[in-house]
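Asker: After the C-alpha cells below, expect a handful of questions from me.
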Protein chains: 2
Amino acid sequence: MTWTLARRAHKMNPSVIREILKVTEKPGIISFAGGLPSPQTFPIDAFAKACDQVLRGGGADSARASLQYAASEGYRPLCEWVAASLPWDVSPDQVLITTGSQQGLDLVAKVLIDEGSRVLVETPTYLGALQAFTPMEPQIVGVSSDAEGVDVDDLERQAAPTDGAIEGARFFYVLPNFQNPTGRSMSEARRAALVERAAAIGLPLVEDNPYGDLWFDHPPPPPLTARNPEGCIYLGSFSKVLAPGLRLGFMVAPKAIMPKLLQAKQAADLHSPSFNQRVVAEVLKDGFLDRHVPGIRALYKAQCGAMLTALQTEMAGLDVQWNSPDGGMFLWVRLPEGMNAAELLPRAVAHNVAFVPGAAFFAADPDPRALRLSFVTASEEQIRTGIAALAQAIREQGQG
Amino acid sequence: MTWTLARRAHKMNPSVIREILKVTEKPGIISFAGGLPSPQTFPIDAFAKACDQVLRGGGADSARASLQYAASEGYRPLCEWVAASLPWDVSPDQVLITTGSQQGLDLVAKVLIDEGSRVLVETPTYLGALQAFTPMEPQIVGVSSDAEGVDVDDLERQAAPTDGAIEGARFFYVLPNFQNPTGRSMSEARRAALVERAAAIGLPLVEDNPYGDLWFDHPPPPPLTARNPEGCIYLGSFSKVLAPGLRLGFMVAPKAIMPKLLQAKQAADLHSPSFNQRVVAEVLKDGFLDRHVPGIRALYKAQCGAMLTALQTEMAGLDVQWNSPDGGMFLWVRLPEGMNAAELLPRAVAHNVAFVPGAAFFAADPDPRALRLSFVTASEEQIRTGIAALAQAIREQGQG
C-alpha cells in the first residue's frame, strides 16, 4: 500500500525534548531537561473532592451533563471564571477553553497561517510553538531579543514585507513572563514599547502566558493583551497552577476572529472534556488558587535559589554564564566559548545529569553554546548533586 | 488592527448541526436532531469509583502521574486494552489515544491531505469528517453509495487521477457500521469487495467505527481494517460505549505512518488527558464493557423499534420513506417528492419536533428530501409524540 503523505508531514519532526527524555530515562539520572511541574504541588485532594462533587454531589442530571457532549466554547462557568480572573475587561464570550494551551497554538496556526506566511517569534522561543506552527508551512522568523525581551526595532523590520512580497508578518508570537526556554521576562518599558509599535504597524500579537502566576517576589507587569485587547490573542493554561494531566487551557481573542477559532476548535476535537472542565471549575471555586499558588511560588523560588547557588559554587573558574529568573520554571545557561551543548549532553548523561541543548528553541541560527535547565522537578539536594555533575562534565569536555 | 486570516479559515463554516441545535433549544421540544448518546447509559458510579481509585487508591505517586504530562502515544495500559479488544493482530505500538475520535480525523487530515488532494467519502457522509478535512483544503468527492454501502466501481473511477492530474485520491473515508447519518451498514460481500478493490488500486482506507458495538441482534461483519491492516487507518471511540464527555478515542495505523500521526498529535495537544486515560483504563478492567454495552444495545433497539412503529403508524398515506437500521443511533428519512427538509424544519419546530436536514452530510449534490433522525436521546413516549408531530408538519407542508 502506498501512503502519500502531505507535504507538511515531511516538515514535522519528532520533538527534540521528547527524544532527549527517552535517552535520559535511566535509573538514578537527575533530569533538568523536562518542563514538568513539580508533582508534589498537584492538589490531589482538591481534585478528588471535585470529582466526587461533579459525579455524586449535584444529582444525576449534573453528573450526566459532565459526561455528555458539550458546547465547543467551553463550560460557561469556567469561561466566566477565566474572564473574571484576567486584569482587563474580558467578556466570557471571548474565552475559548482549549485542550491545553498547546491546542491554542494549533488553532492560531490553522486560522492565521497560510503556506509561506511570515510568522515572527522571539529568539529563542518555545519549541512547542514551532511544532504547532510548522504544519501550516509558515516562514518562521526569529526577532532579535535581549535580556529585557524583544528588540522592537528589529520587530518592525522583520514585520515588513520583504523581497517584493505584498504582505508582512501575520503575527508575532511572544511569551513575556519567565519565558520558556530562557526564563527571562520583559520589562515594563519593553512591553509598553512593543504594544505601541505593534499597534502602529498593525501587527497582531499572540501572547502566551503559562508561567505568569509563578513569580517569586513580585508579580510581573500586566499582560500585553491588557494594553491592546483588539490586537492580541492571549493564551493561558491550568497546567502550571493546577496540573497538566487534565489538559485544560484557554484562549482569549478579539470578537472579530473568535468565530473562526471556534470553528477550528470544533473541527479539531468538538470540545475539551466536559468532565475536566467541571472538575476544574469546582476546584477553582472560592479562591482556591489564592491559597494554592503561593506554595508553588515558594517551592520554585527555593529550588531556583538552590540552582543559582550551586551554579555559583560549582561553575567557579569555568567560563559559564547564566541568568537569574524572577519566576517560572527555567534558567538559561551558556557554555564556554567553543563548547557545544548537544555534544556535551552524552557526557552529562554519563555523569547522571540531563538538560536540553538550546538549539531546538531557535527558528534559525541556533546558539550551540546555550542550554535550558529546569529547576522545578528535582529536589534541592538533587539540584546540588546534578549541578556538580554538570560542572564536572563541562570540565572534562573542556579538556577534550 | 487587521487580522489577516488564512485562506483555509474562509473555507471553515459553523456546524449546521450546531446552528440547528441552537434553533431547537426551546422548552418542550422533542429533538431527534443531536447525535447525543442517551445519558441514562453513562456509568456514573463506575466513573466515580475509578476517579477515586486513580486519585486515592494507588498511592501518591500514581495519583501524581495521572495529573502530570505524559507520553503523546497514550497511557500504555489503555493502548494495550485497545489492541487486545480488536479482532485482528494489533500491537499496542500501533495505537494512538486521541482526544475523541474527531481528533483522529484532524490528524489524518494534517498528515495525508495537501491543498487540492482528492479525498473520497461516502454519499452521504459524517459531517464532522467534512469539517475536519476542509481546513487542509482537499477536493472532497462523494462516491455513489446504496443501502449496502459504497459502489466499488464508482470508487475505482473516482480514485483515479482526473483531468491530467498525476495523482489519484489520497484515501477513502468510510463508516461501515450503522453509519452517521444514514444508519446503514455495509454487507459482508460489499466489505470484501471494497477491501479487495482498494488494495488492488492502492487506495488507503480510513475506517471510522464509533458505532460498531451498538448492534441490535447480531454483531456487524469484521472491520475493513481487519482484512488489510497495512492499507487502513482505523478510528475508534469510547464516546458511545462509555461517555463522550471524557473525549477519548483512538486510532490504529500501519507502522509506516504512525510516526507522522504521532508528531501531528504532539503538536496538536501534546497528549490526551492522562487523568481521563487512567480513569477509563480503570473502568474497562475486568470486562466492564461486556456487562455494560448490552444494556445500551437493548435500550437503543427498543427506541429504534418505537420510532419505526411510530413512522409506520403516523406516516400512513404519506409518500415518506425510511430505512431500518441494525444498530447505531440514526435512521434516514426521505420526504415526499418535491419537499425540502430544510424548508420543513421551521414548521416541525413550530410543532415541537426537530431533526437535521440531510443536505449538510453531502460533499456535493445534496438530497434536499433527506433528513436524519436520532432515536437514542428521546424516550419511547417522546418518540411517539415527536413522530406524530413530524407527520403533522409534513402534511401541512404538503398542503403548501
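Asker: Can you give me the C-alpha center-to-center distance between region A:273-350 and region B:377-400, rounded to a whole angstrom?
Answerer: 62
Asker: Using only alpha carbon positions, build the gyration tensor of the protein assembly as shown, then give the equivalent ellipsoid semi-axes as the square roots of 5 times its eigenvalues, largest first, whole angstrom.
Answerer: 47, 28, 26
Asker: Picking from A:Asn276, A:Pro37, A:Ala310, whose Cα lies most toward the positive end of the charge dipole for chain A (charges on Cβ: Lys, Arg +1; Asp, Glu -1)?
Answerer: A:Asn276
Asker: Among the Cys residues of the protein assembly as shown, which have no other cysteine Cβ under 4.7 angstrom away?
Answerer: A:Cys79, A:Cys232, A:Cys304, B:Cys79, B:Cys232, B:Cys304
Asker: Within region B:354-371, name every residue whose backbone N is under 11 Å away from a label modeled 7 Å from Cα of B:Asn340 along the Cβ vector.
Answerer: Once the point is set 7 Å along Cα→Cβ of B:Asn340, B:368-369 turn out to lie under 11 Å by backbone N, inside region B:354-371.
Asker: Suppose R0 equals 60 Å; then what is the FRET efficiency for A:Ser379 and A:Ile166 from their Cβ-Cβ distance, rounded to the nearest 0.05?
Answerer: 0.60
Asker: How far is it, in nm, from the label point at B:Ala316 to the one at B:Asp89 when both lie 7 Å from their Cα along the line to the Cβ?
Answerer: So the label points at B:Ala316 and B:Asp89 sit 5.8 nm apart.
Asker: Moving on. May I ask for the net charge around B:Leu318, where only other residues with Cβ less than 12 Å from the Cβ of B:Leu318 are counted and Lys, Arg are +1 while Asp, Glu are -1?
Answerer: Around B:Leu318, the charge tally is -2.
Asker: At B:Glu230 and B:Asp217, where each label point lies 7 Å from the Cα along Cα→Cβ, what is the point-to-point distance in nanometres?
Answerer: Computed distance between label sites B:Glu230 and B:Asp217 equals 3.9 nm.
Asker: Note down the net charge around B:Arg7, summing +1 for each Lys or Arg and -1 for each Asp or Glu among other residues with Cβ under 13 Å from its Cβ.
Answerer: That works out to -1.
Asker: Here is a follow-up. Ignore the peptide's own chain and count Cβ atoms of other chains within 10 Å of each Cβ in B:65-73; give me the average, rounded.
Answerer: 6
Asker: Going toward the positive end of the dipole of chain B, with +1 on Lys and Arg Cβ and -1 on Asp and Glu Cβ, which of B:Gln179, B:Tyr300, B:Gly28 do you reach last?
Answerer: Working it through, the farthest residue towards the positive pole turns out to be B:Gly28.
Asker: Determine which chain A residue has its Cβ at minimum distance from the rotation axis mapping A onto B, giving the value in whole Å.
Answerer: Measuring from each Cβ to the axis, the minimum is at A:Cys51, 2.
Asker: What number, rounded to the nearest 500 deg cm²/dmol, is the helix-based mean residue ellipticity at 222 nm of the protein assembly as shown, given -39500 (n - 2.57) per DSSP H run of at least four residues and division by all its residues?
Answerer: -12500 deg cm²/dmol
Every read-out reported here was derived from the displayed coordinates using simple, explicitly stated rules and does not represent laboratory data. What you are looking at is a predicted structure, and each value in this text was computed from that prediction instead of being measured. All Cβ positions, glycine included, derive from the backbone under ideal geometry; neighbour counts span all protein chains shown.
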